[in-house]
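A.B. asks: Before anything else, here's the structure in question.
Just so it is clear, none of the values below were taken in a lab; they were calculated from the coordinates. Quick caveat: nothing in here was measured; it's all calculated off a predicted structure. Cβ coordinates were reconstructed from backbone atoms using ideal geometry, including for glycine residues, and neighbour counts include every protein chain displayed.
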Ligand SMILES: CC(C)(COP(=O)(O)OP(=O)(O)OC[C@H]1O[C@@H](n2cnc3c(N)ncnc32)[C@H](O)[C@@H]1OP(=O)(O)O)[C@@H](O)C(=O)NCCC(=O)NCCS
């Protein structure tokens, strides 16, 4: 599954690779990133470990992250998109993202998020995925805009959880287009309480 690639116009989303380490370090060398993203990446070793964690995520099926690259700019690395799943069969998963400072304000995150969302609801439909959550702290206005522009509706105000989350947060939710995949039943078995005898 780590071979999955997604496209959104000129954006190509693909698995992270070892050779992305220099671009990853450059992206993290930014105060805004450090403010909003939890796992620090300051040294080549931390960056290599970060890439390894992404690979392990694909392997365990708990974290599917994509390097977002711009084919119109010679494959320049412009961001990261991740889908976090608690485990197989979970009906909810969470999305997370960042865009490199030099690429912000061009709609990279919403376009990549749209591609990830469509892929997630298709790839995990049979496993029951029907809902994607997006969380951000209240003062992360740019992230709130990404949620709104990507069809993740505001759902709930979350209380602060210091020290990790010193301020309240927003939960935004996007649901699967048709409420998810039809429930698989054994042949000839009617759903409990159903009057449909077909
Ligand atoms: C949040 C973030 C991913 C948005 O990515 P993006 O690709 O710039 O998304 P957009 O181009 O759609 O811009 C979203 C908003 O950012 C703000 N913005 C616009 N230009 C910007 C720029 N040059 N620099 C920073 N922010 C800008 C605007 O509020 C914009 O909303 P608008 O379209 O209504 O004007 C990006 O700002 C980022 O990586 N922030 C740091 C990490 C982070 O906060 N991740 C999310 C954690 S919940």
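A.B. asks: Would you mind computing, in nm to one decimal, how far apart the modelled labels at residue 34 and residue 62 are, each placed 7 Å from Cα along Cα→Cβ?
C.D. replies: 2.8 nm
A.B. asks: Can you give me the orientation-averaged projected area of the convex hull built on the Cα atoms of segment 4-187, in nm²?
C.D. replies: 11.3 nm²
A.B. asks: Can you tell me the FRET efficiency between residue 101 and residue 125 if r is taken as the Cβ-Cβ distance and R0 is 35 Å, rounded to the nearest 0.05?
C.D. replies: The computed FRET efficiency comes out at 0.50.
A.B. asks: Tell me what the chain gives for mean residue ellipticity at 222 nm when only DSSP H runs of n ≥ 4 count, each as -39,500 (n - 2.57), the sum divided by the residue total, rounded to 500 deg cm²/dmol.
C.D. replies: It comes out at -8500 deg cm²/dmol, rounded to the nearest 500.
A.B. asks: With label points built 7 Å along Cα→Cβ from the Cα atoms of residue 138 and residue 173, find their separation and express it in nm.
C.D. replies: 2.1 nm
A.B. asks: Would you please state the base-10 log of I(q)/I(0) at q = 0.17 1/Å for segment 1-103, with intensities from the Debye formula using one equal scatterer on every alpha carbon?
C.D. replies: Once normalised to I(0) and log-transformed, intensities are -0.78.
A.B. asks: Roughly how far apart, in whole Å, are the Cα centres of segment 83-113 and segment 12-72?
C.D. replies: The two parts, judged by their Cα centres, are 12 Å apart.
A.B. asks: Here's something else I'd like to know. Hey, if you drop one equal point scatterer on each alpha-carbon of segment 46-127 and run the Debye formula without solvent, what base-10 log of I(q)/I(0) do you get at q = 0.17, 0.18 Å⁻¹?
C.D. replies: Once normalised to I(0) and log-transformed, intensities are -0.73, -0.81.
A.B. asks: Follow-up. Give me the extension gain from residue 88 to residue 154: residue separation times 0.36 nm, minus the current Cα-Cα distance, reported in nm with one decimal.
C.D. replies: Additional length available on full extension: 21.2 nm.
A.B. asks: Take every Cα pair under 8 Å in the chain that's 6+ residues apart, average their separations, divide by the length, and report that relative contact order as a whole percent.
C.D. replies: After rounding, I find 15 percent.
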